[in-house]
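Comments concern the structure below.
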Amino acid sequence: MPFSLLGSLDLILGAAFYKDPFLVGACLVAVGMLIWDTIEVGRNDAANLVNAVFGSRVLTRRTAVYVAGIGVVLGAAAASPVMETARKGIFDPTKLTIQMALSVYVAVYIVDTALLYSYSAFGMPVSTTACLVFELLGASFVLGTVELGKWEVVHWATAGKVVFAIICSIIITGIAAFFIQRMVRGAIRDRTTNLSVLLAHGGWIGGGMLAGLTYFMLVKGMKQVAFVKYLNKEVVSAFGPILTVVVLWAVYAAIIHAVLVMFGKRAARRLFPVLAIIGMLSMAFAFGQNDLANCASPGVAALHLIYHWDKGVVQATDLDISHWALVGCGLLLVLGMMTRNAQRVTSAEVHAGSMAHQVRLWAPNWCIWMARLLLRLRRRRPVLAPPPVLTSAGKTMHYDSLRACVILAVSASTIATASGFGLPVSTTYVAFAAVVATGMADRIFQRGDATLKLARMIWVVFSWFAAAVIAACCAGVVCLSVYNSGPTGIIICIGLNLLVRHILKKRADTQELRIREAAHERKYPERYAEEYEE
């Protein structure tokens with residue numbers, strides 16, 4: 001039976017009729033925080049979808065959000081209406097009572113909304129997939145060991161697989177993005193709109209990017225669509241992924257070359273910007289279809305448990321929800337992408353990989369010290385990135401459309417390959433690794449605020465692992481509080497959630513003001529020197 005908000009209200013009334021306040025509280029949290037958490041995912045994870053297009057100034061951020069939002073909503077509408085009860089198989093809910101399983105899902109939402117909001121407020125990208133996985137792991141492990149004395153509640157093999165996939169995805173994306181960016185930069189340099197250069201190299205470069213994106217959409221982005229399932233079964237499985245990509249590459253290269261010959265300079269000016277927009281749409285569609293479960297599955301699972309609460313046992317069955325509910329979640333993701341915190345996440349990630357001289361970033365002193373140490377070991381070589389320029393609107397171009405295409409194509413191909421092997425990977429981790437690696441290939445760390453850029457990257461990577469520890473520990477503590485204190489525990493934990501958000505918002509706003517002032521001081525040192533003398 002599909003779940004809806006109206007059905008949830010019926011469940012609340014039914015639970016109230018049986019005078020079980022815990023079920024009432026759990027149902028209210030499941031519905032309310034499902035909506036809340038979806039917006040938080042939009043603030044952070046979905047905001048990363050527009051980084052490449054916005055950073056290259058192909059589109060303004062607002063326009064990029066609107067365009068990517070269309071892909072997200074369409075992807076959510078095409079998402080599978082079936083979600084598994086135990087996300088990623090991290091724990092076995094059948095080994096817990098209904099009250100325990102509900103406590104796990106409630107704790108996940110309480111911690112997840114606070115954690116994602118905090119990272120977004122400070123402009124820090126973080127993986128919603130990893131946060132959810134470690135929150136489920138921490139909550140189920142603590143509750144299982146403390147209350148039941150059972151270690152086997154957690155599927156440790158699956159948890160290890162997730163961690164392994166995360167680390168491998170970062171490394172593989174970084175290596176691939178570095179060498180591909182170095183190769184295409186060597187062929188194109190800064191002549192991204194030169195017709196003669198694109199006639200020689202535009203076909204194989206653009207064809208390779210489109211081939212990677214098409215394979216990504218077949219394997220990851222549209223795998224639930226009936227026609228795509230047929231293609232995967234009859235074509236990709238029959239001929240193999242390598243041959244399929246090579247054939248697609250040749251076909252796309254021929255089409256691009258023909259378009260360049262027919263339309264000349266007009267096509268040359270638009271080739272890489274159009275490819276970047278196509279890449280962003282592909283990533284947005286896949287995000288809406290596949291990553292929607294990061295925010296929806298705990299709430300839907302909790303509602304499923306409440307619906308069957310009178311049976312006394314947890315059933316690990318699939319959850320069928322309506323497509324209208326999926327579309328609604330997609331719209332909430334887009335709403336989160338439009339917030340100020342989402343803009344901070346996008347801006348900070350773009351500045352971290354910027355080819356410009358001055359950037360608006362912050363990093364702790366120990367990260368700056370480590371960055372200085374690493375930069376002393378480098379060998380000074382010519383910067384390959386184009387010289388910093390301003391757009392007609394006076395905006396800094398942080399990287400060109402060629403690099404934006406490489407970021408999106410490599411990210412999409414890595415996610416598609418990992419999905420083919422059944423490995424869960426993070427859009428955030430992969431996208432950030434591609435930004436960093438392409439920047440290293442263009443040698444942006446020999447220009448301007450190089451120390452600050454590298455320090456920020458070190459801080460982001462460190463914060464990823466810190467987020468996993470925070471998610472697991474906090475979810476465990478909150479889960480115990482919710483289970484042992486019932487509705488009172490839920491109210492107290494939500495109150496702490498709001499308090500943490502309030503405190504960190506003030507600190508984040510203050511830090512954002514300091515970052516802007518520091519960047520302005522580095523940009524106009526003479527003006528500040530005169531003010532100091534006065």
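Here, each number is a calculation from the coordinates, and none is a lab measurement. What you see is a predicted model, and the numbers here were worked out from it, not measured in a lab. All Cβ positions, even for glycine, are placed from backbone atoms using ideal geometry, and neighbour counts span all protein chains on display.
Key figures for this structure:
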item	result
Residues L248, L361, L116 arranged by fewest to most Cβ contacts within 10 Å	L248, L361, L116
Correct choice for mean projected area of the Cα convex hull in nm² that was computed from the model, options [x] 28.6; [y] 24.7; [z] 26.7	[z]
Above-threshold pairs, the threshold being 31 Å between Cα atoms, out of K453/K505; K265/K395; K265/K453; K95/K233	K265/K453; K95/K233
Crossing angle, helix 241-263 versus the chain [Cα axis fit, 0-90 degrees, rounded to tens]	50 degrees
MRE, 222 nm, helices only [DSSP H, n ≥ 4, -39500 (n - 2.57), over the chain, to nearest 500]	-24500 deg cm²/dmol
Simple spin-label estimate for R266 and F164 in nanometres, 7 Å along Cα-Cβ	5.4 nm
Part-to-part distance (alpha-carbon centres) for region 167-181 and region 470-495, which is given in Å	39 Å
Cα centroid separation, region 264-295 to region 339-379 (Å)	25 Å
Under 5 Å, built H, 5+ apart or other chain: amide partners of F91	H155
